[in-house]
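The structure under discussion appears below in the form of C-alpha coordinates.
The values are calculated or read from the model by the stated rules, or taken from the named source; none is laboratory data. Keep in mind it's a predicted model, so treat the numbers as computed, not measured. Reconstructed Cβ throughout: ideal geometry from the backbone, glycine too, with neighbour counts over all protein chains shown. Accessible surface areas use protein heavy atoms only, side chains included; no ligands, DNA or RNA. Shrake-Rupley method; radii C 1.70, N 1.55, O 1.52, S 1.80 Å.
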Amino acid sequence: MKQRILLFDAGSCTGCLSCVTACSMAHTGAVSPASSRIHISFDPLENRWPAVYCRQCTAAPCAKVCPVEAIRLDERQEYWYVDYERCIGCMLCIDACPLGAMFYDPHHEQVIKCDTCGGEPACVKVCATQALAWGDAADR
(Lines give C-alpha, C1' and ligand atoms only; values in the text may rest on other atoms or scores of the structure.)
Protein backbone atom coordinates (compact mmCIF):
# COMPACT_ATOMS: atom_id res chain seq x y z
CA MET A 1 0.00 0.00 0.00
CA LYS A 2 1.33 3.42 -0.92
CA GLN A 3 1.43 5.98 1.87
CA ARG A 4 -0.75 9.03 1.20
CA ILE A 5 0.40 12.42 2.49
CA LEU A 6 -0.53 16.07 2.42
CA LEU A 7 1.28 17.89 -0.40
CA PHE A 8 1.71 21.67 -0.57
CA ASP A 9 2.56 23.99 -3.47
CA ALA A 10 3.66 27.35 -1.98
CA GLY A 11 3.50 29.00 -5.39
CA SER A 12 -0.25 28.36 -5.60
CA CYS A 13 -1.09 29.48 -2.06
CA THR A 14 -2.77 32.90 -1.75
CA GLY A 15 -2.71 32.99 2.04
CA CYS A 16 -6.50 32.92 2.39
CA LEU A 17 -6.19 30.68 5.49
CA SER A 18 -9.20 28.56 4.53
CA CYS A 19 -7.09 25.50 5.35
CA VAL A 20 -6.36 26.82 8.85
CA THR A 21 -10.04 27.48 9.45
CA ALA A 22 -11.13 24.08 8.11
CA CYS A 23 -8.51 22.29 10.18
CA SER A 24 -9.48 23.92 13.46
CA MET A 25 -13.18 23.37 12.72
CA ALA A 26 -12.61 19.69 11.89
CA HIS A 27 -10.66 19.07 15.10
CA THR A 28 -12.32 21.37 17.64
CA GLY A 29 -15.56 22.64 16.12
CA ALA A 30 -14.32 26.23 16.42
CA VAL A 31 -12.41 28.67 14.24
CA SER A 32 -9.09 29.05 16.00
CA PRO A 33 -5.70 29.38 14.30
CA ALA A 34 -4.07 28.25 17.56
CA SER A 35 -5.98 24.95 17.30
CA SER A 36 -5.08 24.32 13.66
CA ARG A 37 -2.66 21.57 12.75
CA ILE A 38 -1.48 23.58 9.72
CA HIS A 39 0.09 27.02 10.02
CA ILE A 40 0.41 29.48 7.13
CA SER A 41 2.44 32.67 7.34
CA PHE A 42 3.63 35.28 4.87
CA ASP A 43 7.30 35.33 3.86
CA PRO A 44 7.89 38.87 2.50
CA LEU A 45 11.40 38.07 1.29
CA GLU A 46 10.17 35.28 -0.95
CA ASN A 47 6.70 36.83 -1.51
CA ARG A 48 4.99 33.53 -0.74
CA TRP A 49 2.89 31.78 1.91
CA PRO A 50 4.80 28.79 3.33
CA ALA A 51 2.89 26.12 5.21
CA VAL A 52 4.08 24.29 8.30
CA TYR A 53 2.43 20.94 8.98
CA CYS A 54 3.45 17.38 9.83
CA ARG A 55 4.97 15.65 6.80
CA GLN A 56 4.45 12.22 8.36
CA CYS A 57 8.17 11.41 8.65
CA THR A 58 9.05 7.76 8.28
CA ALA A 59 11.45 7.94 11.24
CA ALA A 60 9.14 10.29 13.24
CA PRO A 61 11.53 11.97 15.72
CA CYS A 62 8.49 13.17 17.69
CA ALA A 63 7.40 9.58 18.30
CA LYS A 64 10.91 8.42 19.16
CA VAL A 65 11.33 11.03 21.89
CA CYS A 66 7.91 10.47 23.50
CA PRO A 67 8.48 8.79 26.89
CA VAL A 68 4.98 7.22 26.93
CA GLU A 69 4.65 6.30 23.23
CA ALA A 70 1.71 8.68 22.80
CA ILE A 71 2.60 9.48 19.19
CA ARG A 72 1.49 6.42 17.33
CA LEU A 73 0.95 5.09 13.83
CA ASP A 74 -2.65 4.30 12.93
CA GLU A 75 -3.50 0.65 12.44
CA ARG A 76 -2.98 0.88 8.66
CA GLN A 77 0.49 2.44 9.19
CA GLU A 78 -0.51 5.53 7.19
CA TYR A 79 -0.23 8.48 9.56
CA TRP A 80 1.12 9.50 12.95
CA TYR A 81 -1.32 10.83 15.55
CA VAL A 82 -1.28 11.85 19.20
CA ASP A 83 -2.99 9.39 21.54
CA TYR A 84 -4.34 11.77 24.17
CA GLU A 85 -5.13 8.87 26.51
CA ARG A 86 -1.35 8.35 26.83
CA CYS A 87 0.04 11.89 26.37
CA ILE A 88 1.39 13.40 29.59
CA GLY A 89 1.98 16.86 28.13
CA CYS A 90 5.77 16.87 28.44
CA MET A 91 6.08 18.60 25.04
CA LEU A 92 9.35 16.86 24.15
CA CYS A 93 7.82 16.13 20.75
CA ILE A 94 7.60 19.85 19.95
CA ASP A 95 11.36 20.24 20.34
CA ALA A 96 12.08 16.99 18.49
CA CYS A 97 10.21 17.88 15.31
CA PRO A 98 12.76 19.05 12.70
CA LEU A 99 10.04 20.92 10.78
CA GLY A 100 8.49 22.74 13.73
CA ALA A 101 5.23 20.95 12.89
CA MET A 102 4.26 19.90 16.41
CA PHE A 103 2.29 22.69 18.02
CA TYR A 104 0.87 23.52 21.43
CA ASP A 105 -2.82 24.40 21.47
CA PRO A 106 -3.28 26.83 24.38
CA HIS A 107 -7.08 26.60 24.19
CA HIS A 108 -7.12 22.85 24.76
CA GLU A 109 -3.77 22.70 26.59
CA GLN A 110 -2.33 19.90 24.52
CA VAL A 111 0.19 19.21 21.79
CA ILE A 112 -1.25 18.89 18.30
CA LYS A 113 -0.04 17.73 14.89
CA CYS A 114 -1.57 16.97 11.54
CA ASP A 115 -3.22 13.58 11.60
CA THR A 116 -4.44 13.92 7.98
CA CYS A 117 -8.01 13.95 9.35
CA GLY A 118 -7.81 10.17 9.24
CA GLY A 119 -7.01 10.17 5.54
CA GLU A 120 -9.52 12.80 4.44
CA PRO A 121 -7.82 16.15 5.11
CA ALA A 122 -10.34 18.95 5.64
CA CYS A 123 -7.77 21.51 4.46
CA VAL A 124 -7.52 19.94 1.00
CA LYS A 125 -11.30 20.04 0.55
CA VAL A 126 -11.44 23.84 1.03
CA CYS A 127 -8.28 24.89 -0.82
CA ALA A 128 -9.61 26.93 -3.75
CA THR A 129 -6.24 27.16 -5.50
CA GLN A 130 -5.35 23.49 -4.97
CA ALA A 131 -2.15 24.50 -3.20
CA LEU A 132 -2.93 21.58 -0.89
CA ALA A 133 -3.40 18.11 -2.31
CA TRP A 134 -3.78 14.59 -0.95
CA GLY A 135 -1.27 12.41 -2.80
CA ASP A 136 1.28 9.62 -2.73
CA ALA A 137 4.37 10.02 -0.59
CA ALA A 138 6.44 9.30 -3.71
CA ASP A 139 5.18 12.64 -5.12
CA ARG A 140 6.77 14.54 -2.22
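So the values come out like this:
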item: Average accessible area per residue (Å²) across segment 18-109 - probe 1.4 Å, nucleic acids and ligands excluded; result: 57
item: Segment 53-94 and segment 107-129: distance between their alpha carbon centers, rounded to Å; result: 15
item: [x] 17.5, 63; [y] 14.5, 42; [z] 14.1, 39, with the label sought being that of the calculated Rg and Dmax of the Cα atoms in Å; result: [y]
item: Disulfide-incompatible cysteines by the Cβ rule (no partner under 4.7 Å) in the chain; result: 13, 16, 23, 57, 66, 87, 90, 97, 117, 127
item: Net charge of Cβ neighbours under 11 Å - reference residue 49; Lys, Arg +1; Asp, Glu -1; result: -2
item: Protein accessible area in segment 23-140, 1.4 Å probe - carbon and sulfur %; result: 52
item: Segment 81-88 - phi-based ³J(HN,Hα) in whole Hz, Karplus 6.51/-1.76/1.60, Gly and Pro as x; result: 9, 9, 8, 6, 6, 9, 4, 9
item: Estimated inter-spin distance, residue 28 and residue 129, nm [label 7 Å along Cα→Cβ]; result: 2.5
item: Rounded to 10°, Cα long-axis angle of helix 18-28 versus longest principal axis of the chain; result: 30
item: Largest-first ordering by accessible area, 1.4 Å probe, given options 108, 27; result: 108, 27
item: Estimated FRET transfer efficiency when R0 is 35 angstrom, pair residue 9-residue 92 (beta carbons, to 0.05); result: 0.65
item: Length-normalised contact order of segment 13-140 in % [C-alpha pairs under 8 Å, at least 6 apart]; result: 26
item: Sites residue 109 and residue 73, calculated FRET efficiency, Cβ-Cβ separation with R0 22 Å, nearest 0.05; result: 0.35
item: Cut-off 15 Å between beta-carbons: net charge of the residues surrounding residue 73, Lys and Arg +1, Asp and Glu -1; result: +1
